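To start, the structure under review is shown below, and the notes come after it.
The values are calculated or read from the model by the stated rules, or taken from the named source; none is laboratory data. Note that the coordinates shown come from a computational prediction; the quantities given were computed from them, not determined experimentally. Positions of Cβ are generated from backbone atoms using ideal geometry, with glycine treated the same way; all protein chains shown enter the neighbour counts.
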Amino acid sequence: MQLFLWRESMTTLDSNITGRFKIAIALTAVTLVAEVAGGLWTNSLALLSDAAHVFLDLFALVLSLTAVQLAAIPTSERHTFGFHRSEVFASFINGLTVFLMGAAILYEAWERFAAPQEVKSGPMLVIAIIGLIMNLLAAKALHSHSHDDLNVKSAFLHVVGDAAASVGVIIGGVVMYYTGWYMLDALLSAAIGLLILAGAGRLLRESVHILMEGTPRGMNLAEVAEVIRAVDGVRDLHHLNVWSVCSHITALSVHVEVAEGHEDLRSSLLHRIEHILAQQFHITHTTIQLECSDCNGGPLIKPLQHQQRQQAGCGHQH
């Protein structure tokens, strides 16, 4: 019953996330059209730089929406974990494309430093305000799920970065309107580029950590081990592994040594361990091997080594 309710809640969550992504995509598309047209009209590199950011944000949002839909595909014999990991791949691609975009903006800003150009600051200011409003509305649509879903978090960071860039462009438009200091356009572009690079670095670090099967950030492996050891009937444990399938699913595998006198209570012991892991650490996918108390133990974390695969139907011995 609990598993059924959990699956129902996850289905509702994915549906809610999908709807919010569609809202954010529509708002971001409006922003893109306005800033591209406005950047070309006003000759503002800052506005065009923000439009480039918005374009890749639109790409990121579409990619993220696709990842959510792929995650809904049921498991199969070929993909026993389904396509949940696609969320992490989408986040990695988002981070990589944003990093490249930031580098391109910095290059264009350097070119503009050498030869500042006049900018129509009045229209630029109006368009930047429109972009800020659209970005804030898109950020509001994504914010509620940005803390518990890496895919939504990556999209939310894109939109927040756009909003911050729009604020900078608005300030720059006001300054250029009253002073005619058009070098500020290049400075704003460089600042946007640096902001993008910083956000992309964080996103790449988080997604690569999951792809490398790292222990989920914020989870203390020693604490997980102590909680399992504290369960009545557990003598000790070894070969503990904890990793993330995606931002919603944390998996664990461990060998648990059953204390003497509890051998006939293995089923209830297993259920107690699973319940505690789900309740305290939100670990919902577990593989727990129960062993007798006099079995040979091992280290808490098992070292892995590459092994040569044996050919089926062994050949002759030499």
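Yes/no matrix, rows are residues, columns are (1) in contact with an Asp or Glu (Cβ under 9 Å, 6 or more places away or on another chain); (2) hydrophobic (A, V, I, L, M, F, W, C); (3) surrounded by fewer than 20 Cβ atoms within 10 Å (Cβ to Cβ):
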position: 143; (1), (2), (3): no, no, yes
position: 159; (1), (2), (3): yes, yes, no
position: 189; (1), (2), (3): yes, no, no
position: 198; (1), (2), (3): no, yes, yes
position: 204; (1), (2), (3): no, yes, yes
position: 213; (1), (2), (3): no, no, yes
position: 221; (1), (2), (3): no, yes, yes
position: 247; (1), (2), (3): yes, no, no
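The set of residues from region 33-58 being surrounded by fewer than 24 Cβ atoms within 10 Å (Cβ to Cβ) and not in a helix (DSSP H, G or I) comprises just one member, 43.
For the structure I just gave you, tell me whether residue 164 is in contact with a helix residue (DSSP H, G or I) (Cβ under 6 Å, 6 or more places away or on another chain), assigned to a helix (DSSP H, G or I) and among the hydrophobic types (A, V, I, L, M, F, W, C). Against the criterion (in contact with a helix residue (DSSP H, G or I) (Cβ under 6 Å, 6 or more places away or on another chain), assigned to a helix (DSSP H, G or I) and among the hydrophobic types (A, V, I, L, M, F, W, C)), residue 164 does not qualify.
Residue 224 meets each of the listed conditions (1) closer than 30 Å to residue 90 by Cβ; (2) modelled with pLDDT of 90 or more; (3) in a loop (DSSP other than H, G, I, E, B) apart from (3). Only one entry in 273, 288 is at pLDDT 85 or above, aliphatic (A, V, I, L, M) and assigned to a helix (DSSP H, G or I), namely 273. Based on what the data block shows, is residue 49 under 17 Å from residue 185 (Cβ atoms) and of a type in the set (Ser, Thr, Tyr)? Here the answer is yes, as residue 49 does meet what is asked.
Among what's in region 256-284 and is charged (D, E, K, R) and in contact with a strand residue (DSSP E or B) (Cβ under 6 Å, 6 or more places away or on another chain), pick the residue that is surrounded by the most Cβ atoms within 10 Å (Cβ to Cβ). Break it down stepwise before answering.
Of the residues in region 256-284, the ones charged (D, E, K, R) are 257, 260, 263-264, 266, 272, 274.
Still in the running and in contact with a strand residue (DSSP E or B) (Cβ under 6 Å, 6 or more places away or on another chain): 257, 266, 274.
On the way: 257: 21, 266: 14, 274: 16.
That would be 257.
Per the conditions (1) crowded, with 23+ Cβ neighbours inside 10 Å; (2) over 22 Å from residue 89 (Cα atoms), the sole criterion not satisfied by residue 26 is (1).
Take residue 122 and decide whether it is at pLDDT below 85, on the phi < 0 side of the Ramachandran plot and either outside any loop (DSSP other than H, G, I, E, B) or not polar (S, T, N, Q) (or both). Walk me through how you get there before you give the answer.
Working: at pLDDT below 85: yes; on the phi < 0 side of the Ramachandran plot: yes; either outside any loop (DSSP other than H, G, I, E, B) or not polar (S, T, N, Q) (or both): yes.
Yes; evaluated as a whole, the condition is true for this residue.
Taking region 68-100 as the range and being over 18 Å from residue 20 (Cα atoms), of a type in the set (Gly, Ala, Ser) and out of contact with any Gly (no Cβ under 9 Å at 6 or more places or on another chain) as the test, the residues that pass are 82, 86.
Filter region 72-131 down to the residues that are more than 24 Å from residue 246 (Cβ to Cβ), in contact with a helix residue (DSSP H, G or I) (Cβ under 7 Å, 6 or more places away or on another chain) and of a type in the set (Ser, Thr, Tyr) and list them by number. The answer is 121, and nothing else.
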